[in-house]
Amino acid sequence: MSLRINDTIPNLAVETDQGTFDLHEWIGDKWAILFSHPKDFTPVCTTEFGAVAQLADEWAKRDTKVMGISVDGVAEHKEWKIDIELVGGAKAGFPIIADEDLKVAKAFDMLPAEAYLPDGRTPADSATVRVVFIVGPDKKLKLSMTYPMNVGRNFAEVLRALDGLQTAARENVATPANWQVGQDVVVPTTVSDADAIAKYGSIDAKLPYLRMAKLPS
């Protein structure tokens, strides 16, 4: 069965280039982002890991941990980080899971149960391992995005989605298309007009079921 929104993520002991972690314990009371890749030393993935490294301060501002996943070993991860930091121009301080036995990839439903890694494999052998998972402090999956190998992920969008998830959880609201921090939010349909006005001061009713409001500063 696939991992779906609001499912509790599998709790696994994972080996990384920074040691072994219990996944739930590593998350603790933080938000977490897990981002997976089919193989070390691949061009698109190197740019993506570099982008994640550049955003270290942004993840910290949002009380969010990040962890990479790749189906190569610890030694390869440590060597690859040299390239990542060269390309990204920033320290790659996050751990990378060494998922050589595909335990994480299969538990998170990124690969078929019968998948294996042949000798002399190429990234195509683990091509589906290109997913972003955003996990809440409750260890539940809040969002996932899957990309093909030939399209680099937009980590500005990952950051925007994280902002939306955290705002929705904190304020009990929803966010509209293309929403950015500071813009109006969507008032839940379960909240009456009177209660919404009492809470936000005013509402902009674009449709009976679409009411916008500005969050208090």
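Output the residue which, of all residues in the range 77-95 that are of a type outside the set (A, V, I, L, M, F, W, C) and part of a helix (DSSP H, G or I), is surrounded by the most Cβ atoms within 10 Å (Cβ to Cβ).
His77
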Notebook entry, point to check: Tell me, which residue of the range 152-169 that is among the hydrophobic types (A, V, I, L, M, F, W, C) and free of Cβ contacts under 8 Å to residues at least 24 places away in the same chain is nearest to Trp59 (Cα to Cα)?
Noted result: Ala156
Next item on the list: Could you check Asp125 against (1) open to solvent by 10 Å² or more (accessible area, probe 1.4 Å); (2) modelled with pLDDT of 55 or more and say which number it fails?
Entry: (2)
Next item on the list: Report, ordered by the first and then the second residue, all pairs with beta carbons closer than 9 Å, sequence separation of six or more or different chains, a first member in the range 1-28 that is closer than 14 Å to Lys65 by Cβ, and a second member that is open to solvent by 50 Å² or more (accessible area, probe 1.4 Å) and among the aliphatic types (A, V, I, L, M).
Entry: Phe21/Ala13; Asp22/Ala13; Leu23/Ala13
Next item on the list: Taking Trp59 as the residue in question, decide whether it is open to solvent by less than 20 Å² (accessible area, probe 1.4 Å), within 18 Å of Gly136 (Cβ to Cβ), part of a helix (DSSP H, G or I) and of a type outside the set (A, V, I, L, M).
Entry: yes
Notebook entry, point to check: Scanning the range 144-159 for residues that are open to solvent by 40 Å² or more (accessible area, probe 1.4 Å) and within 11 Å of the chain's Cα centre (by Cα), which turns out farthest from Leu12 (Cα to Cα)?
Noted result: Glu157
Check: Just checking, which of Val181, Val185 is aliphatic (A, V, I, L, M) and open to solvent by less than 60 Å² (accessible area, probe 1.4 Å)?
Finding: Val185
Notebook entry, point to check: Failed condition for Ala169, given (1) open to solvent by 30 Å² or more (accessible area, probe 1.4 Å); (2) part of a loop (DSSP other than H, G, I, E, B); (3) under 24 Å from Gly136 (Cβ atoms), with all others met?
Noted result: (2)
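Restricting to the range 3-20, count the residues that are part of a loop (DSSP other than H, G, I, E, B) and farther than 16 Å from Lys139 by Cα.
2
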Check: Could you list, in sequence order, the residues of the range 21-45 that are open to solvent by 10 Å² or more (accessible area, probe 1.4 Å), modelled with pLDDT of 95 or more and not in a loop (DSSP other than H, G, I, E, B)?
Finding: Phe21, Asp22, His24, Glu25, Trp26, Trp31
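The values are calculated or read from the model by the stated rules, or taken from the named source; none is laboratory data. From a predicted model like this one, the values you see are computed outputs, not experimental measurements. Note that we place each Cβ from the backbone using ideal geometry, even for glycine, and neighbour counts take in every protein chain shown. Protein only, heavy atoms only, side chains kept; ligands, DNA and RNA dropped before computing areas. Shrake-Rupley method; radii C 1.70, N 1.55, O 1.52, S 1.80 Å.
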